[in-house]
1. Confirm whether Gly127 is crowded, with 21+ Cβ neighbours inside 10 Å and touching a helix residue (DSSP H, G or I) at 6+ places or on another chain (Cβ under 6 Å).
2. Select from segment 137-173 the residues that are out of contact with any strand residue (DSSP E or B) (no Cβ under 7 Å at 6 or more places or on another chain), assigned to a helix (DSSP H, G or I) and open to solvent by less than 10 Å² (accessible area, probe 1.4 Å) and write down the one among them that is farthest from Thr113 (Cα to Cα).
3. Which residue, of Ile12, Ile59, Ile75, Ile33, is assigned to a strand (DSSP E or B), farther than 24 Å from Pro149 by Cβ and in contact with a helix residue (DSSP H, G or I) (Cβ under 9 Å, 6 or more places away or on another chain)?
4. For segment 21-55, give me each residue that is more than 15 Å from the chain's Cα centre (by Cα), among the aromatic types (Phe, Trp, Tyr) and closer than 15 Å to Tyr87 by Cα.
5. For Arg134, which of the numbered conditions (1) closer than 28 Å to Lys13 by Cβ; (2) basic (Lys, Arg); (3) buried (at least 19 other Cβ atoms within 10 Å of the Cβ) fails to hold?
6. Pairs please, first residue from segment 102-116 and in contact (Cβ under 8 Å) with a residue 24 or more places away in the chain, second anywhere and assigned to a strand (DSSP E or B) and open to solvent by 30 Å² or more (accessible area, probe 1.4 Å), Cβ atoms under 9 Å, 6+ apart in sequence or on different chains.
7. Among the residues of segment 4-19, are any over 24 Å from Val163 (Cβ atoms), open to solvent by less than 50 Å² (accessible area, probe 1.4 Å) and within 26 Å of the chain's Cα centre (by Cα)?
8. Within segment 216-245, can you find the residues that are open to solvent by 20 Å² or more (accessible area, probe 1.4 Å), touching a helix residue (DSSP H, G or I) at 6+ places or on another chain (Cβ under 8 Å) and not in a loop (DSSP other than H, G, I, E, B)?
Amino acid sequence: MKYIESLQNSVIKNVLKLQEKSRERKKTGFFVIEGKREVSLAIKGNYLIASLLFCEDVIAENELEAFTTENTEIISVSKDVYQKIAYRNSTEGIIAIAKTKEFSLENIKFSTTTPLILVAEAPEKPGNIGALLRTCDAANVDAVFIANPKTDLFNPNIIRSSVGCLFTNQIATGTSKEIINFLKDNNIHSFATTLQNSNEYYKEDYTKATAIIVGTEATGLSEEFRNSATQNINIPMQGEIDSMNVSVAAAIVIFEAKRQRGFK
């Protein structure tokens, strides 16, 4: 087993690059996962774990088998090295280098004729994306579509804020046009959250094949999504502001859809 105690080691430098640079992740096809739950969920989501770095001061070697896949290289690192590459303040002693996946619409498969989908247009903040993924996991939605993504989904902040739900959701990315065409081609009713020409969200029927579409807090949904939607919907506001956090808005409508479906 390889042991690393130097911060100048090429493996450690590579981990730091993968954490910090989207360009490096895209070029190499690898990304970094930290934490037991996150690595476990990645394995459950059929991600290949190429390398597993661990610190014996935090986790015992005999615990590592649950966090590896076939041909995973296991590397022991010193406490100083681990503290350098650990992304979180509270940590569990393991960091994995995993192979990325393609988030293609062509790979989307539904196990039901009435799927429930969340579409998020141009989300940028990792925290919001992570919260959306957590909501979708909690509601067991059938797919999450990211239209015109502004942020690399393998960003460590997204993995951290989603608590590993990046790996538990069926995800696809594409342009607005590609996603709109996918919804139409598959006869999926779309409900766009917007103030323009909209009905209150609780008045609509979400029991058929349904996509709930949300935009950014700053600019809202594009005209392209608003005009193509089956129906525009709004969440009535009773205070002074006319919008709320995108993940909160998505959760409200998603769980109304789940309520109508008998939480199935």
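1. Numbers: crowded, with 21+ Cβ neighbours inside 10 Å: no; touching a helix residue (DSSP H, G or I) at 6+ places or on another chain (Cβ under 6 Å): yes.
Judged against the criteria, Gly127 is not a match.
2. Looking at the filtered set, the residue picked out is Ile158.
3. Working: Ile12 fails: assigned to a strand (DSSP E or B); Ile59 fails: assigned to a strand (DSSP E or B); Ile33 fails: farther than 24 Å from Pro149 by Cβ.
None of the other options fit; the residue is Ile75.
4. Within segment 21-55, Phe54 is the sole residue that qualifies.
5. It fails just one condition, (1).
6. Phe103/Thr173; Ser104/Thr173; Leu105/Thr173
7. Within segment 4-19 (the criterion being over 24 Å from Val163 (Cβ atoms), open to solvent by less than 50 Å² (accessible area, probe 1.4 Å) and within 26 Å of the chain's Cα centre (by Cα)), the answer is yes, since at least one residue qualifies.
8. Thr216, Glu224, Ser228, Asn234
The values are calculated or read from the model by the stated rules, or taken from the named source; none is laboratory data. None of these values were measured; they are calculated from a predicted model. Cβ sites come from the backbone with ideal geometry, for glycine too, and all protein chains shown count toward neighbours. To get the accessible areas, we keep the full protein, side chains included, count just its heavy atoms, and leave off ligands, DNA and RNA. Shrake-Rupley method; radii C 1.70, N 1.55, O 1.52, S 1.80 Å.
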